1. If ligands, DNA and RNA are left out, what is the accessible area of Asp73 with a 1.4 Å probe, given in Å² to the nearest 10?
2. Subtract the Cα-Cα distance of Lys134 and Asp260 from 0.36 nm times their separation in residues, and report this length gain in nm to one decimal.
3. Normalise the Cα radius of gyration of the range 285-352 by 2.2 N^0.38 Å (N = residues in it) and let me know the number.
4. For the range 256-262, take each phi angle, set θ = phi - 60°, evaluate the Karplus expression 6.51 cos²θ - 1.76 cosθ + 1.60, and give the result in whole Hz per residue in order, putting x for glycine and proline.
5. Contact order normalised by length for the range 75-161, with contacts defined as Cα pairs under 8 Å and 6 or more residues apart; what percent is it?
6. Rounded to the nearest 0.05, what FRET efficiency do Lys114 and Asp295 have when you use their Cβ-Cβ distance and R0 = 35 Å?
7. Give me the one-decimal nm value for the distance between modelled label points at Val125 and Lys149, 7 Å along each residue's Cα-to-Cβ direction.
8. Compute the Cα gyration tensor for the range 212-316, then decide on rounded, prolate or oblate, letting a ≥ b ≥ c be the square roots of its eigenvalues: rounded whenever a/c is under 1.5, prolate when a/b is larger than b/c in the other cases, and oblate in all that remain.
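The values are calculated or read from the model by the stated rules, or taken from the named source; none is laboratory data. What you see is a predicted model; the values in this text were computed from it and never measured. Note that we place each Cβ from the backbone using ideal geometry, even for glycine, and neighbour counts take in every protein chain shown. Accessible surface areas use protein heavy atoms only, side chains included; no ligands, DNA or RNA. Shrake-Rupley method; radii C 1.70, N 1.55, O 1.52, S 1.80 Å.
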Amino acid sequence: MRWRMLEPYRWALVCGSESRSGDDTYVNIGDGDMELKHSASFNGAIIKEYRYTEEDYIVPGITWRRRRQYVEDKRFLSDFDTTLQSRWVEKMEQGLFRYPLWSLQTKILPGSVKYVAQLNVKRGVERRKPQDIKSIQEKFNPSQFNFNKMKHDEILFQIVRSPTEEGASGDSNPSHVSALPGSRHNRTLVVINVSPLEFGHVLFIPEPSLCLTQILTPDLALLGVESILLSGHPGFRVGFNSLGGFASVNHLHLHGYYLDEELLIESAPSKPLCPHINFHQLTHFPAPGFFFYTDGKDMTSVSRRICRVTDYFVTRNIAHNLFMTRGCDPAKSGCLESREGIRVVIWARQSCFGAKEESAFNVALCELAGHLPFKSEEDFNTLTEESVISIVKGHLFSDDDFNRLSLELVEHLTH
């Protein structure tokens, strides 16, 4: 058994919160499957640290057919899954959520899209009132709710990408270092969403003290892709809502959650826009969008390109949503069930400003991807595939505007 003193991580809260720092802490690094270490302080509370490297990635992922064969057997889950889920369940049992959530009434809507509909009335009733967003580039407001004000008990752990020892594998891929060159953060909190939309719903929050607005960064995009590769569950998804795209808090974060259902977006056909950088356009899908594909070998480049697209949208004041999931390689004919890589889908959409009505069927990252969390029993019982598609398309660009934007993005990404 080995013990090591970890250097304390200091949170300099500059958004009107008290500045604190962590104490030197000795931790056991020899027990358990995962290294969860006491390493940092948040508002005076010690939080645990989870370190990972590329050796922890699961490529290719488990197939949906194979996952169904496990039924209730959880051996297909990774160390990342078991760590996240066990701590999430502990928080649920401690009553730290706004409402209990163990399972949801779920059905597949008849039709070709196979929308996954779920009824979650409590999310519409008990959720914290979303902020009144007025601009995609709105400045951070410390007087409004932000993640420096959350309870420390809501934190599951701090996730840290460990650097690969120099020369250990002969691989100079920069995605294997602790952060992207020029990055502003390399440590991220994994926190429960106190108003969960599904089991294991968490937020990935990069260094809250930096007070970053809800504009995606390459670091966070990279972590989102990596977290999917760390999961052994084919239904672990990650997403992002921009301001004006139904983001509820103007403080940088990603959503991550488990949806134990296959989605059409994993295998939907596409056409290449920039094949040399794996940039494609979804076709034969009710929510036309763009996506990057990666097999896990070029994630640093992909994360930068993702943000070239989202930054372009921000400068043009275009609201957007993003969804990451294991998916099929668009360059191959057909679709292998293994979902051997990651699809990062980005939608440009009509802006929706002002505080959103929480009981309404709002179109954000889940709905665009084919997952429908209903907060109204009437909507759950009455909406059909046809009516959902009509609502979704009402939040997107017209065909002409979408095609024009597609040409602009190709020009932007190739120059």
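1. 50
2. 41.9 nm
3. Its radius of gyration relative to the 2.2 N^0.38 Å reference: 1.20.
4. Going residue by residue, I get x, 7, 9, 10, 7, 9, 6 Hz, with x marking Gly and Pro.
5. 27
6. About 0.85, to the nearest 0.05.
7. For Val125 paired with Lys149, the spin-label model returns 2.5 nm.
8. Taking the square roots of the gyration eigenvalues as a ≥ b ≥ c, the range 212-316 is rounded.
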